[in-house]
Amino acid sequence: MEDCIFCKIISSNSIYKIYEDNWTVAFLDIAKDVDGHILVVPKKHVKNIMDCDTDTLCKVMDAVKRISNHLIDCCAYEGVNLLNASGESAGQSVPHLHIHLIPRKKKDGIDAWPTFAGAKYELETILERIKM
Ligand code: 5GP
Ligand code: ZN
């Protein structure tokens, strides 16, 4: 897609790509907020998880798993956080599906899990609203 920054990165020779296969690319996030902050994206332009077909999503998650195993087996990391924002209301700023992959070590001091303010409704109320 012409106007999409991630589509441009996918078709470029960016030196920040850390992984590529037929369906996916992974590259360093420009934010430099955490060492090793990686974005894993499908080569196919899909907006978010709602927009993504199952095959593409499986390929993305397969790449996420490969990269995670590499980080732990070969790069001395001990765990990973996976984060995704799907939709503007969820904080998605780039409308091309991406999984944030944050490599973790014990006592690295990274707070990758937000502290929520607390639920407003009883579980039963929410269950009635969202049960499939
Ligand atoms: P979101 O807010 O959609 O979950 O995440 C978008 C991410 O894309 C942000 O972490 C942001 O730093 C990253 N990003 C935005 N523009 C670029 C870019 O041009 N290059 C790279 N490598 N990352 C980008
Ligand atoms: Zn795109």
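Can you tell which of 101, 82, 97 is among the aliphatic types (A, V, I, L, M), out of contact with any Asp or Glu (no Cβ under 6 Å at 6 or more places or on another chain), closer than 21 Å to residue 112 by Cα and free of Cβ contacts under 8 Å to residues at least 40 places away in the same chain?
Details: 101 fails: free of Cβ contacts under 8 Å to residues at least 40 places away in the same chain; 97 fails: free of Cβ contacts under 8 Å to residues at least 40 places away in the same chain.
Just a single option satisfies the conditions, and that option is 82.
Within the range 51-71, residues that are part of a loop (DSSP other than H, G, I, E, B) reach partners that are of a type in the set (A, V, I, L, M) with beta carbons closer than 6 Å, at six or more positions or on different chains, in the pairs 52/46; 52/97. The lone criterion from (1) within 27 Å of residue 108 (Cβ to Cβ); (2) hydroxyl-bearing (Ser, Thr, Tyr); (3) under 16 Å from the mean Cα position of the chain (by Cα) left unmet by residue 56 is number (1).
Within the range 79-119, restricting attention to residues that are part of a loop (DSSP other than H, G, I, E, B) and in contact with a helix residue (DSSP H, G or I) (Cβ under 9 Å, 6 or more places away or on another chain), which residue is farthest from ligand 1 (Cβ to nearest atom)? Write out each step before concluding.
First, the residues of the range 79-119 that are part of a loop (DSSP other than H, G, I, E, B): 84-87, 91-98, 105-119.
From what's left, in contact with a helix residue (DSSP H, G or I) (Cβ under 9 Å, 6 or more places away or on another chain): 84, 94-98, 119.
Numbers: 84: 7, 94: 4, 95: 8, 96: 8, 97: 9, 98: 6, 119: 24 Å.
Filtering the range 79-119 for residues that are part of a loop (DSSP other than H, G, I, E, B) and in contact with a helix residue (DSSP H, G or I) (Cβ under 9 Å, 6 or more places away or on another chain), the one farthest from ligand 1 (Cβ to nearest atom) comes out as 119.
Quick one: in the range 1-25, which of the residues that are assigned to a strand (DSSP E or B) and of a type outside the set (D, E, K, R) is surrounded by the most Cβ atoms within 10 Å (Cβ to Cβ)?
Residues of the range 1-25 that are assigned to a strand (DSSP E or B), as a first pass: 17-20, 24-25.
Narrowing the set further to residues that are of a type outside the set (D, E, K, R) leaves 18-19, 24-25.
Numbers: 18: 17, 19: 15, 24: 23, 25: 21.
Checked the range 1-25; the qualifying residue surrounded by the most Cβ atoms within 10 Å (Cβ to Cβ) is 24.
Residue pairs whose Cβ atoms lie under 7 Å apart, sitting 6 or more positions apart in sequence or on different chains, and linking a residue in the range 1-28 that is over 23 Å from residue 58 (Cβ atoms) to a partner that is of a type in the set (A, V, I, L, M), are 5/94; 16/28; 28/18; 28/38. Set side by side, the residues 59, 131, 120, 47 differ, and just one is open to solvent by 100 Å² or more (accessible area, probe 1.4 Å), within 30 Å of residue 2 (Cα to Cα) and of a type in the set (Lys, Arg), which is 47. Checked against (1) more than 16 Å from ligand 2 (Cβ to nearest atom); (2) of a type in the set (Ser, Thr, Tyr); (3) surrounded by 12 or more Cβ atoms within 10 Å (Cβ to Cβ), residue 89 passes all but condition (3).
The values are calculated or read from the model by the stated rules, or taken from the named source; none is laboratory data. Since the model is a prediction, treat every value here as computed from it, not as a measurement. Using ideal geometry, Cβ is built from the backbone for each residue, glycine included, and neighbour counts are taken over all protein chains shown. Note: accessible area is taken over every heavy atom of the protein model, side chains too, but ligands, DNA and RNA are not part of it. Shrake-Rupley method; radii C 1.70, N 1.55, O 1.52, S 1.80 Å.
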